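Undergrad: Okay, handing you the structure first.
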Amino acid sequence: MSKKISIKNMVKEHHNALVDYYTCDGVEPDERKYFESLEKGDIILDLCCGTGRIAIALAKNGFLVRGIDLANKAIKFAQEKAECYKGIVDFIIGDATKIPFKDKVFDRVICTGASLDTLASSSERLQSILEMARVLKDDGTFFIQTNYFLPLKKLIWRTAGFVIKLPVRALKSLLGKDCTGLYFGDSFCGIHFKIKVAGFSHTLSKRELNRYMESAKLEYKLEYKIETDKEYMGDKSFKAKFSRRLITVGHKNR
C-alpha cells in the first residue's frame with residue numbers, strides 16, 4: 001500500500017474518531033455571509049461534510065443538499081441526525097478527488113472545516129478543485145475554507161519543521177520515494193485527548209491556492225477571490241491580513 005493511500009486511510013480513521021469525541025452545530029459568521037447569497041431552489045453539494053453540520057443547517061432552510069465524506073462513521077452519524085429531513089438532505093460515502101456525481105449537477109459547492117487541507121498531495125488538492133468545478137453548473141458558485149499559516153507563531157513552527165525535514169526529503173527524492181509529509185505546510189496531527197488516531201494536514205498559502213485555481217480556470221473558466229476570513233467579513237485592517245483562515249469564493253462562467 002502506498003504512503004499516499006495510507007495517509008488517506010489515516011485521515012478517514014482520524015475523522016471517524018472525532019465523531020466519538022465531539023459534534024457541533026451552527027454556522028460560523030463567514031459561512032453565514034456566503035449562505036446569504038443562496039437562492040431558493042439551489043441544489044448544494046457539501047463536500048467533506050463530516051457529521052452534517054452545514055448540510056443539515058441548509059436543509060432546515062429548505063435547500064436540497066447532498067453531503068459526501070470519506071469517513072463512514074461520520075456519514076452514519078449525519079444520516080441518523082438528518083432522519084427528519086430525509087429527501088431534502090442525503091449523505092453518502094465519497095472521495096473529494098472522485099466526486100460521485102455527474103457533470104453540472106449543483107448550483108453551489110461548499111467545502112468547509114479546512115477539509116481540503118487533509119488531502120495528502122498537491123495533485124490530490126488540485127484534483128479536488130477540478131472535481132468541484134466539474135460538478136458545478138454554469139454560473140454556479142463555490143465556497144472553500146482552508147487554514148492559513150498565520151498567525152506568526154504557526155508560520156515559524158511550520159518553517160522550522162520544514163527546514164529540519166529537508167535532508168530527509170532530499171534523500172527520499174534521490175531514491176525516488178514518496179515525500180508526502182515532508183513538504184512545506186505538511187503536518188501529522190498528534191494524538192490528543194480521546195482521539196487515538198493521528199491525522200494529516202497541509203496548511204495552504206494564498207500562492208498555492210491561487211495556483212490550483214489558475215489550473216482549474218484554464219479548463220473551467222473560474223473567477224475567484226482569496227481572502228482571510230476577517231477580510232471576507234469586511235475587515236480591511238492590517239490585523240485582518242493575519243487571520244487564521246483563508247476563504248476562497250468562486251464563480252463558474254458559462
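Undergrad: Full extension from N61 to S37: what is 0.36 nm times the residue separation minus their Cα-Cα distance, to one decimal in nm?
TA: Full extension from N61 to S37 adds 7.3 nm.
Undergrad: Count neighbours as other Cβ atoms within 10 Å of each site's Cβ, and list the trypsin sites (Lys or Arg not before Pro) in the range 28-73 that are DSSP loop with at most 13 such neighbours. Each step should come with its number before you reach the end.
TA: Details: sites: R32, K33, K40, R53, K60, R66, K73; in loops: K40.
Answer by residue number: K40.
Undergrad: Exceeding 32 Å between C-alpha atoms, which entries from my cross-link table qualify? They are K102/K230; K86/K241; K33/K98; K33/K239.
TA: Details: K102/K230 35 Å; K86/K241 41 Å; K33/K98 28 Å; K33/K239 20 Å.
Going by Cα-Cα distance, K102/K230; K86/K241 fall outside the 32 Å limit.
Undergrad: Another one. On full extension of the chain, what length is gained from L218 through I93, given 0.36 nm per residue of separation minus the C-alpha to C-alpha distance?
TA: Gain on extension, L218 to I93, equals 42.0 nm.
Undergrad: OK, next. Put a dot 7 Å past each Cα toward the Cβ at D25 and S6; how far apart are the dots in nm?
TA: Using points 7 Å along Cα→Cβ, the separation is 4.1 nm.
All of the numbers you see were taken from the coordinates with simple rules; none came from a lab. Given the structure is predicted, the values throughout are model-derived calculations rather than measurements. In this analysis, Cβ positions are derived from the backbone assuming ideal geometry, glycine residues included, and neighbour counts consider all displayed protein chains.
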